[in-house]
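Participant: Structure below; questions to follow.
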Amino acid sequence: MIIDRHISLVRVVRVMRPTIIALAVLSVTTAVFMKEFHFAEFGTGVDLAIPLVLGTAISVFLGFRTNSAYERWWEARKIWGAIVNDTRSIVRLFRDFDATTVGKELGSTGSPLRAFAYRQAAWCQILAQQLRGHEPLANTDHLLSEEERTAFAARQNPALAALLAQGATVRTALEAGRLDVWQAICIEEAISRLTDYQGACERIRNTVFPAHYSYFTKVFLWVFLFLLGLSLPVHADVGYFAIPAVFVIGWIFFLIEGIGDYMQDPFEDNRNSTPMFTLARMLEIDLKEILGEADLPPRLQPQDGVLM
């Protein structure tokens with residue numbers, strides 16, 4: 001997620017280089033064609049009203065597409081905000097409800113609370129890795145036992161396997177008398193919400209943004225700019241000034257289209273994606289502090305103005 005308020009124009013140009021080259025070729029070619037063949041002298045050319053009407057329609061279409069992409073991006077961020085809240089709550093509930101837990105036992109190696117908290121931190125990391133398409137169990141060796149890592153790796157959905165293990169821990173604590181029925185239900189409800197959040201993330205990731213939105217947006221934009229390039233040069237007061245006019249108008253339209261293209265997949269590995277790794281590390285720190293541990297990992301810092 002980009003947090004730098006100062007957008008690098010050099011980076012924008014580098015990302016849009018193929019589009020910029022195509023715009024330059026189109027604007028120059030249409031202007032030279034219309035002027036060198038003297039279409040203006042015969043009053044021929046495309047009526048300016050045609051690209052203006054088409055441009056208005058494209059603006060509405062582009063606005064709808066960008067808003068739809070932003071809604072996906074914002075929903076993903078809200079889901080991870082809920083994951084942050086319930087992850088903190090679920091470990092706090094286990095700590096507060098556990099009848100046998102005293103201060104010095106919170107972070108002890110054999111404590112069920114410690115295993116529960118570490119597994120919850122690992123779940124956040126595993127879910128982030130799965131959504132990014134990376135190795136799910138990467139960077140979890142310090143949070144999970146070797147047996148857990150082996151068991152989770154054998155499953156098609158390691159994140160779900162981690163939540164199942166959390167439920168098993170709650171059941172064991174209930175049977176051992178560490179929790180009563182009401183306390184176990186409270187924690188299980190939080191686990192169920194986390195399961196819902198994982199499903200919501202998977203829904204967004206696996207539901208491809210309708211391809212015809214992206215495809216036809218680009219097609220209509222190029223048709224619009226082509227017609228605009230054929231209409232502007234025939235006016236005596238425009239002439240070759242049509243070249244920068246078509247180029248700038250096209251650049252603005254494609255820049256807006258590109259922003260929507262980036263936001264429509266909030267879990268992809270790009271600069272605009274949801275900062276899941278940063279949130280997962282933050283939660284690992286928070287959960288270890290709940291256990292009373294002092295040896296905490298550093299927070300992930302922005303790199304080049306971006307949180308990942």
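Participant: Taking the dipole about the Cα centre of the chain, with the C-beta of Lys and Arg at +1 and of Asp and Glu at -1, give me whichever of LEU232, LEU296, PRO275 is farthest to the positive side.
Facilitator: Result: LEU232, furthest along the dipole toward the positive end.
Participant: Is the chain best put as rounded, prolate or oblate by its Cα gyration tensor, with a ≥ b ≥ c the root eigenvalues, rounded for a/c under 1.5, and otherwise prolate when a/b is larger than b/c, oblate when not? Could you put the intermediate results ahead of the total?
Facilitator: Numbers: a/c = 4.08, a/b = 3.28, b/c = 1.24.
The shape class here is prolate.
Participant: Right, here's the next one. Exactly which trypsin sites (Lys or Arg not before Pro) in the stretch 155-213 are in a DSSP loop and have at most 16 other Cβ atoms within 10 Å? Could you put the intermediate results ahead of the total?
Facilitator: Numbers: sites: ARG155, ARG171, ARG178, ARG193, ARG203, ARG205; in loops: ARG155, ARG178.
Answer in residue order: ARG155.
Participant: Relative to the longest principal Cα axis of the chain, at what angle does helix 242-263 sit, 0 to 90 degrees, rounded to 10?
Facilitator: Value to nearest ten degrees: 20.
Participant: Along Cα→Cβ, 7 Å out, is where each label goes; now give me the distance between the ones at VAL28 and GLU147 in nm to one decimal.
Facilitator: 7.0 nm
Participant: Pairing the Cα long axis of helix 158-175 with the longest principal axis of the chain, what angle in degrees results, from 0 to 90 and rounded to the nearest 10?
Facilitator: With rounding to tens, the tilt is 30 degrees.
Participant: Under a Cβ-only charge scheme (Lys and Arg +1, Asp and Glu -1), can you give me the dipole magnitude of the chain about the Cα centre, in debye to the nearest 20? It would help to have the intermediate numbers written out before the result.
Facilitator: Numbers: 28 positive and 33 negative charges, 47 e Å.
Around 220 debye, computed over the chain.
Participant: Okay, moving on. Run lengths n ≥ 4 of DSSP H only: what is the helix-derived mean residue ellipticity at 222 nm for the chain, with -39500 (n - 2.57) per run over all residues, to the nearest 500? Walk me through the numbers before you get to the answer.
Facilitator: Values: 10 runs with 207 residues, N = 308.
For the chain, the value works out to -23500 deg cm²/dmol.
Participant: Kindly sort LEU194, LEU26 by accessible area of their heavy atoms, largest first, with the probe set to 1.4 Å. Please report the intermediate quantities before stating the final value.
Facilitator: Details: LEU194 0, LEU26 30 Å².
Order by accessible area, largest first: LEU26, LEU194.
Participant: What is the calculated FRET efficiency for LEU296 to VAL12, with r their C-beta to C-beta distance and R₀ = 35 Å, to the nearest 0.05? Let's see the in-between values first.
Facilitator: Details: r = 37 Å, r/R0 = 1.07.
With a Förster radius of 35 Å, E is 0.40.
Participant: Something else now. If you stretched the chain out fully between LEU255 and ARG155, how much longer would it get, using 0.36 nm times the residue separation minus the C-alpha to C-alpha distance? Could you put the intermediate results ahead of the total?
Facilitator: Details: separation 100, 0.36 × 100 = 36.00 nm, distance 4.17 nm.
Between LEU255 and ARG155, full extension yields 31.8 nm more.
The values are calculated or read from the model by the stated rules, or taken from the named source; none is laboratory data. Bear in mind the structure is a predicted one, so any value in this text is a computation, not a measurement. Don't worry about glycine lacking a Cβ; one is built from the backbone with ideal geometry, like all the others, and counts go over all protein chains shown. Accessible surface is based on the protein model in full, side chains and every heavy atom, while ligands, DNA and RNA are left aside. Shrake-Rupley method; radii C 1.70, N 1.55, O 1.52, S 1.80 Å.
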